[in-house]
Amino acid sequence: MNATKVAATSLPTPFGTFQLFGFESQDKSDNVLALIMGKPEATDAPLVRIHSQCLTGDVFGSERCDCGPQMHAAMTAIAKAKRGVFLYMRQEGRGIGLANKLKAYVLQDQGYDTVQANLKLGFPADLRDYGIGAQILHDLGVRKIELMTNNPRKIVGLEAFGLEIVKRRSIELKSNPNNRRYLTTKRDKLGHLLDLGSGEAR
């Protein structure tokens with residue numbers, strides 16, 4: 001499914017001022033935000049973060065996950081580099097939606113891990129699709145990227161749509177008592193590259 005740019009404006013943030021592009025899918029069922037700094041299309045391999053929406057983490061600062069800190073770390077890195085793209089994708093709960101993510105939280109409170117909870121609700125462990133994100137990067141003139149991610153599957157997903165990942169940059173964050181099991185599950189069951197022995201995720 002393709003997306004079309006429907007708006008462009010500036011967005012001053014604590015990390016610096018970004019250009020904000022709004023994209024809408026052809027059937028108007030989905031929206032993606034692209035926060036852009038500098039001229040990434042003029043850079044051989046600009047920094048790119050493709051971030052899946054996490055209302056609880058990004059907005060409310062939930063410590064059950066590492067989503068909010070990852071978002072802030074990526075925006076900080078792009079601002080420091082003075083160029084790059086931050087894509088904000090509406091793929092709550094690894095694609096299962098907000099209501100189902102909250103149901104998954106209830107199951108996690110009962111002892112299930114994040115993967116088991118998704119499966120218990122009848123969903124795959126990860127339902128995300130990166131096609132629209134890849135298309136938007138192409139539309140922005142970006143073909144090669146330095147991808148900020150701890151998830152090797154994201155690299156495979158983007159390369160399938162014709163993007164060249166020249167480098168992966170890890171996002172190093174400290175774990176906390178509330179998300180340590182979550183991060184351990186992402187490492188052991190989803191293949192995320194995390195080093196929890198030192199108390200940090202990468």
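Throughout, read-outs are computed from the coordinates displayed, never taken from laboratory work. Computed from a predicted model, the values in this text were never measured in an experiment. Ideal geometry is used to build each Cβ from the backbone, glycine not excepted, and the neighbour counts take in all protein chains shown.
Looking at the chain only, what percent of DSSP beta bridges run antiparallel? Nearest 5 please.
Counting only bridges with both partners in the chain, antiparallel ones make up about 65 percent.
Give me the net charge of THR17's neighbourhood, meaning all other residues with Cβ under 15 Å from the Cβ of THR17; Lys, Arg count +1, Asp, Glu -1. Please list the in-between numbers first.
Details: positive: LYS39, LYS80, LYS82, ARG83; negative: none.
Local charge sum for THR17: +4.
Using 31 Å as the Cα-Cα cut-off, could you pick out the over-long pairs in LYS28/LYS174; LYS5/LYS82; LYS80/LYS186; LYS144/LYS174?
On the way: LYS28/LYS174 38 Å; LYS5/LYS82 23 Å; LYS80/LYS186 28 Å; LYS144/LYS174 29 Å.
Distance filter (> 31 Å) returns LYS28/LYS174.
What spacing in nm lies between the two simple spin-label points modelled at ASP109 and GLU159, each 7 Å away from Cα in the Cβ direction?
Result: 4.1 nm between the two label points.
Name the shape class, rounded, prolate or oblate, that the alpha-carbon gyration tensor gives for the chain, where a ≥ b ≥ c are the square roots of its eigenvalues, rounded holds for a/c under 1.5, and otherwise prolate holds if a/b is larger than b/c and oblate otherwise.
prolate
Sort out for me the Cα centre separation of segment 135-192 from segment 46-70, rounded to whole Å.
Their Cα centres are 13 Å away from one another.
For VAL32, what charge total do you get from the other residues with a beta carbon under 9 Å from its beta carbon, if Lys and Arg give +1 and Asp and Glu give -1?
Details: positive: ARG90; negative: GLU24, ASP30.
The answer is -1.
Given H placed 1.01 Å from N in the peptide plane, which residues other than close sequence neighbours of MET89 have an amide H under 5 Å from its amide H?
HIS51, SER52, GLN53
Per residue of the chain, what 222 nm ellipticity follows from adding -39500 (n - 2.57) for every DSSP H run with n ≥ 4, rounded to the nearest 500?
Numbers: 7 runs with 66 residues, N = 202.
The helix-only estimate for the chain comes to -9500 deg cm²/dmol at 222 nm.
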